[in-house]
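Encoded as structure tokens, the structure appears first; notes follow it.
The values are calculated or read from the model by the stated rules, or taken from the named source; none is laboratory data. All of these numbers come straight from a predicted model, not from anything done at the bench. All Cβ positions, glycine included, derive from the backbone under ideal geometry; neighbour counts span all protein chains shown. Accessible surface areas use protein heavy atoms only, side chains included; no ligands, DNA or RNA. Shrake-Rupley method; radii C 1.70, N 1.55, O 1.52, S 1.80 Å.
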Amino acid sequence: SDRLVFSCQDEGNWGIYMIEEGEGKEVTPLLDSSLNEYAPIIVKGGERLIYTLEGEIFNRIVEYSLSAKESKNLVFTKNDLHSLKVSPDGQKLLYTEIEGNTENLFYYDRETDQLKKVADGITSFDWFLDSNKFVYIKDKTMYLANISHISNRVEKENDIEFQ
């Protein structure tokens, strides 16, 4: 079925809600704790969500199973989480953390539970459709990164400077 998930503030707190296509189209609260849940993304297959959670000490990236109604913490950080993008295959994440005035890019693979800082001071990033490559922009240069299947490392292949 078609689902729409979104974050919404209710009485000063952000939660995650869902509307499913069908009769009535009622808004269902999915996650509404005393913490703030933001930016939900429905992962390929439609049975999982990835979202950010703003805590008192740690911020987190969390995976939520719609069928089991269970959450699993994937990433913890004391920094502010900014942009989050799930790979087209739904297995990898790219996200940024804000440290001071710098936006740093991180890569996370949920299958291997590996986390890697890719670059600091980036301005933009996105996935390729095959989920094995991504691009990011830093200092007016675009970098193409390839994920090695053997080592699961992120390797910089080349860069393209632009004005």
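Which residues, taken from region 40-65, are buried (at least 18 other Cβ atoms within 10 Å of the Cβ), of a type in the set (A, V, I, L, M, F, W, C) and in contact (Cβ under 8 Å) with a residue 40 or more places away in the chain?
Hits for region 40-65 are VAL43, LEU49, ILE50, ILE61.
So is GLU70 farther than 27 Å from LEU129 by Cα, at pLDDT 90 or above and not basic (Lys, Arg) or not?
In short, yes.
Output the number of the condition that VAL118 fails; it satisfies all remaining conditions of (1) part of a strand (DSSP E or B); (2) open to solvent by less than 30 Å² (accessible area, probe 1.4 Å).
All conditions are met except number (2).
Return only the number of the condition from (1) of a type outside the set (Gly, Ala, Ser); (2) open to solvent by less than 60 Å² (accessible area, probe 1.4 Å); (3) part of a strand (DSSP E or B); (4) in contact (Cβ under 8 Å) with a residue 24 or more places away in the chain that ASP89 does not satisfy.
(3)
Among the candidates LYS116, LYS92, which residue alone is over 26 Å from ILE16 (Cβ atoms) and under 15 Å from the mean Cα position of the chain (by Cα)?
On inspection, the qualifying residue turns out to be LYS116.
Would you confirm whether any residue within region 138-159 is modelled with pLDDT of 90 or more, in a loop (DSSP other than H, G, I, E, B), over 19 Å from VAL86 (Cβ atoms) and of a type in the set (Asp, Glu)?
Looking for residues that are modelled with pLDDT of 90 or more, in a loop (DSSP other than H, G, I, E, B), over 19 Å from VAL86 (Cβ atoms) and of a type in the set (Asp, Glu), one finds none in region 138-159, hence no.
For SER67, all conditions in the list (1) touching a Ser or Thr at 6+ places or on another chain (Cβ under 7 Å); (2) of a type in the set (Ser, Thr, Tyr); (3) under 26 Å from GLU20 (Cα atoms) hold save one; what is the number of the exception?
Among (1) touching a Ser or Thr at 6+ places or on another chain (Cβ under 7 Å); (2) of a type in the set (Ser, Thr, Tyr); (3) under 26 Å from GLU20 (Cα atoms), the lone unmet condition for SER67 is (1).
Take the residues in region 1-32 that are polar (S, T, N, Q) and surrounded by fewer than 13 Cβ atoms within 10 Å (Cβ to Cβ), then tell me which one is farthest from TYR51 (Cα to Cα).
SER1
Is it the case that LYS78 is loosely packed, with under 13 Cβ neighbours inside 10 Å, within 27 Å of THR123 (Cβ to Cβ), charged (D, E, K, R) and at pLDDT 90 or above?
Answer is yes for this residue.
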